[in-house]
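The values are calculated or read from the model by the stated rules, or taken from the named source; none is laboratory data. Since this is a predicted model, take the numbers as computed values, not measurements. Please note: Cβ atoms are built from the backbone with ideal geometry, for glycine as well, and neighbour counts cover all protein chains shown. Protein only, heavy atoms only, side chains kept; ligands, DNA and RNA dropped before computing areas. Shrake-Rupley method; radii C 1.70, N 1.55, O 1.52, S 1.80 Å.
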Amino acid sequence: MKLKAILGVLAVFIVLWLTLPTLVIIPISFNSAPSFDFPPKDFSLRWYENFFTDPAWLRSLGVTVQVALLTTFVATISGVAAALGLSKVNFRGKSIIENLFLAPLIVPGIVLAIGMYSIFLRFGMLGTLFGFVAAHTVLALPLVIMNVAASLQGMDPKLQHASASLGAPPITTFFRVTLPLIAPGVSAGALFAFVTSFDEVILSLFIQTPALQTLPVKIYRSVTQDTDPTVAAVAVIMMTISIILILATQFFSRRKKARS
Amino acid sequence: MSIDTNLDTPQQESNAQRRTVRSRFGKLRNWTVLLLVPGIVLIIGFFGLPLGDVIIRSLSDPVWGIQNFQWLALSETNIAVAGRTFGTAFLVTVICLLLSYPYAYLMTICSERTRRLLTIFVMMPLWTSILVRTLAWMVLLQDSGPINDLLEYIGVGRLPLIRTTLGVALGMTQVLMPFMVLPLYSAMAKIDTRLLPAARSLGATPMTVFRTVYLPLSKPGIVAGSTTVFILGLGFYIIPSLLGSPRESMMATLIQQQIGGFLQWGHGAAMGIALLVVTVATLTVATRLAKGASIVPGVQR
């Protein structure tokens with residue numbers, strides 16, 4: 001039992017180390033002085049006011065949400081289709097396709113980023129909404145496929161056969177039987193897709209133009225160019241959005257458990 | 001009634017049979033393959049094409065040949081940067097493993113409630129943008145930051161933390177730790193714990209039990225976690241460029257510099273390909289070592 005106590009103390013330190021450092025950003029965002037001094041001497045809301053009155057910051061927030069929603073939509077639909085397709089068919093070369101779908105997780109972001117920059121440059125897609133959504137979808141797709149595939153594996157295939165044998169066309173079987181059963185995997189995948197797009201920096205840095213920037217790009221630019229504590233306020237706002245998203249998923253998954 | 005049933009049953013059966021036969025060999029199969037099309041188009045267009053472009057650029061910019069790879073291998077700066085990148089990724093992997101192993105083990109022996117808490121705490125960083133966390137580390141590590149205040153207060157004196165490899169490693173370790181804890185835990189949870197008292201009863205000391213029973217059984221988790229952390233660490237860009245110094249840059253930063261700063265597409269692309277080859281090679285070796293345990297990194301940074 002002595003071992004367990006030592007492990008416990010160690011775990012507490014690790015938990016503090018994982019969580020506390022990020023929180024310093026909160027007091028900084030309420031600092032009245034234009035610096036990153038910690039602890040701040042006086043409190044003010046001026047950096048939040050800055051964010052909400054600056055059209056450039058607000059535009060990039062709008063772009064980020066728009067890109068993230070479109071990415072979630074495209075990645076979820078194509079990802080669910082792909083996972084379903086992979087689960088049903090068996091052919092030579094299937095594992096090649098599976099690996100192809102997962103490959104974006106393995107290739108270093110910077111390598112994909114310079115390739116996209118080059119291609120987008122050639123086809124005039126830099127700084128376009130379409131370009132952002134396409135780039136983010138490639139990163140989000142593997143996560144959707146992984147989550148949906150895991151749900152499909154846990155599902156009894158007899159249910160689909162039963163539905164088909166009762167005369168339901170594949171579309172009806174999908175919407176009435178399969179989709180409700182894999183819904184947790186689909187919603188987890190969609191959420192990962194949203195967060196991936198919302199937080200994505202490297203690809204966005206390469207494919208952005210000053211006219212169309214996502215929030216992370218704007219934060220990066222701001223951090224590398226000046227010491228404007230508005231980024232701290234933006235960071236806290238981003239953190240809050242993430243926390244709301246997690247709480248929402250926790251809420252939904254708990255309700256689902258309670259119902260079943 | 002009985003006549004009806006008699007008439008109905010064979011017909012239903014044949015219908016069902018026909019449907020099964022058709023779905024097994026005919027229409028459904030073709031239709032299902034079509035489901036893969038949108039995903040494949042996306043992956044080929046926005047993953048395959050860019051990657052192919054990098055490969056071609058590395059061999060053709062400004063002229064066809066292997067001069068870019070020669071430049072890569074012959075420049076001392078490049079060797080130093082590559083060494084620093086591997087060294088940092090390796091160091092981060094080791095620190096992550098040392099911290100995560102006891103943490104994951106605790107997760108297997110604690111109560112259900114504590115386990116859920118420990119899982120949430122380890123997942124939480126994943127939910128915070130890497131930029132936000134890097135910004136926080138910039139505040140903490142800066143020369144007039146709280147860590148340096150503390151170091152001075154306890155008499156160590158101020159240390160250069162930001163713009164050093166140490167600062168980069170600190171930030172990277174915090175970001176990558178979840179990718180070590182989760183595979184370790186899933187491997188440890190599968191270990192049959194009855195083997196441990198069995199080994200003890202045969203006279204093994206706790207240390208021997210750990211070394212000869214527990215450690216080997218947890219190997220798939222060690223391999224999977226270490227591989228993920230190492231290959232993600234190799235490709236880090238944001239943290240080294242914000243917490244590191246230009247003089248001690250890592251490969252991703254150098255790639256960006258070659259292309260964005262010097263417009264040396266060939267050089268940047270060749271370095272990118274080198275990074276990619278090392279990543280894939282590491283993954284291939286690790287997959288062999290892990291024997292079947294899947295190694296798939298999570299959210300990419």
Q) If each Cα of region B:103-202 is one equal point scatterer, what is log10 of I(q)/I(0) from the Debye formula at q = 0.14, 0.19 Å⁻¹? A) -0.72, -0.95
**Q.** Euclidean distance of C-alpha centroids, region B:63-94 and region A:113-188, integer Å
**A.** 37
Q: Leaving ligands, DNA and RNA out of it, work out the accessible area of A:Ile171 with a 1.4 Å probe and give it in Å² to the nearest 10.
A: 100
Q: Specify whether the C-alpha gyration tensor of region A:104-260 places it in the rounded, prolate or oblate class, a ≥ b ≥ c being the square roots of the eigenvalues: rounded for a/c under 1.5, otherwise prolate if a/b is larger than b/c and oblate if not.
A: oblate
Q: Under a cut-off of 20 Å between alpha-carbon atoms, report the aspartates and glutamates in cross-link reach of A:Lys158, not counting same-chain residues fewer than 8 places apart.
A: B:Glu13
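Under a 1.4 Å probe, what is the accessible area of region B:172-233 per residue, stated in Å²?
Using a 1.4 Å probe on heavy atoms only, each residue of region B:172-233 averages 44 Å².
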Q: Could you work out how far apart the two model spin labels at B:Arg200 and B:Gln67 are, taking each label as a point 7 Å from the Cα in the direction of the beta carbon, and quote it in nm?
A: 6.9
(Q) At 1.4 Å probe size, what's the solvent-accessible area of A:Arg46? Round to the nearest 10 Å². (A) 100
Q. Summing -39500 (n - 2.57) over the DSSP H runs of n ≥ 4 in chain B and dividing by its residue number, what mean residue ellipticity at 222 nm do you reach, to the nearest 500 deg cm²/dmol?
A. -23000 deg cm²/dmol
**Q.** Calculated P(r) of region B:160-236 - Cα pairs past 15 Å, %
**A.** 64
Q.
With +1 assigned to the C-beta of every Lys and Arg and -1 to the C-beta of every Asp and Glu, and no other charges, what is the dipole magnitude of the protein assembly as shown about the Cα centre in debye, to the nearest 20?
A. 1940
Q. For A:Asn31, which sequence-distant residues (separation of 5 or more, or a different chain) have an amide H within less than 5 Å of its own amide H, given hydrogens modelled in the peptide plane?
A. A:Ser44
Q) How long are the semi-axes of the ellipsoid equivalent to the protein assembly as shown, from square roots of 5 times the Cα gyration tensor eigenvalues, in whole Å, largest first? A) 42, 31, 26
**Q.** Per-selection Rg to Rh, region B:33-99 - Cα, Kirkwood hydrodynamic radius
**A.** 1.21
(Q) For the pair B:Leu150/A:Arg92, report the inter-label distance in nm, with labels modelled 7 Å from Cα in the Cβ direction. (A) 6.1
Q) Can you run phi through the Karplus equation (6.51, -1.76, 1.60; θ = phi - 60°) for region B:100-117 and list ³J(HN,Hα) in whole Hz, with x for Gly and Pro? A) 6, 4, x, 4, 5, 5, 4, 4, 7, 10, 8, 6, 4, 4, 4, 4, 4, 4
Q | Space enclosed by the convex hull of the alpha-carbon atoms of region B:202-271, per residue, Å³ | A | 118
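Per the helix-only calculation at 222 nm, which mean residue ellipticity applies to chain A, given -39500 (n - 2.57) for every DSSP H run of n ≥ 4 and division by its residues, nearest 500 deg cm²/dmol?
On the way: 13 runs with 203 residues, N = 260.
Mean residue ellipticity at 222 nm (helix-derived): -26000 deg cm²/dmol.
Normalized C-alpha radius of gyration of chain B, against 2.2 N^0.38 Å?
In units of the 2.2 N^0.38 Å rule of thumb, it is 1.40.
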Q. Using the Karplus equation 6.51 cos²θ - 1.76 cosθ + 1.60 (θ = phi - 60°), what ³J(HN,Hα) coupling, rounded to whole Hz, does each residue of region A:155-165 give in order, writing x for Gly and Pro?
A. 9, 7, x, 4, 5, 5, 4, 4, 4, 5, 6
Q. To the nearest µm²/s, what D does Stokes-Einstein give for region A:162-234 at 10 °C and 1.306 mPa s, using the Kirkwood radius over alpha carbon pairs as Rh?
A. 100
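Could you please state how large a percent of the accessible area of the protein assembly as shown is carbon and sulfur, counting protein chains only and using a 1.4 Å probe?
On the way: 18420 of 27220 Å².
The computed percentage sits at 68.
Could you state how much accessible area is buried at the A-B interface, both sides summed, with a 1.4 Å probe, in Å² to the nearest 100?
7300
Could you list, in their original order, any pairs among A:Lys4/B:Lys219; A:Lys94/A:Lys218; A:Lys88/B:Lys219 whose Cα atoms are separated by more than 30 Å?
A:Lys94/A:Lys218; A:Lys88/B:Lys219
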**Q.** Per residue value of the accessible surface for region A:167-233 (all protein chains in place, 1.4 Å probe), Å²
**A.** 35
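Report, please, the projected area of region A:1-156 averaged over directions, based on the convex hull of its C-alpha atoms, in nm².
Numbers: hull surface 67.5 nm².
Reported value for the Cα convex hull: 16.9 nm².
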(Q) Output wanted: per-residue J couplings in Hz (rounded whole) for region B:257-263, from phi through Karplus 6.51 cos²θ - 1.76 cosθ + 1.60, θ = phi - 60°, x for Gly and Pro. (A) 5, 4, 8, x, x, 9, 6
Q) Modelled label-to-label distance, A:Ile26 and B:Phe86, 7 Å Cα→beta-carbon offset: nm? A) 4.3
Q) Can you give the percent of C-alpha pairs in region B:145-301 whose distance is more than 23 Å? A) 56
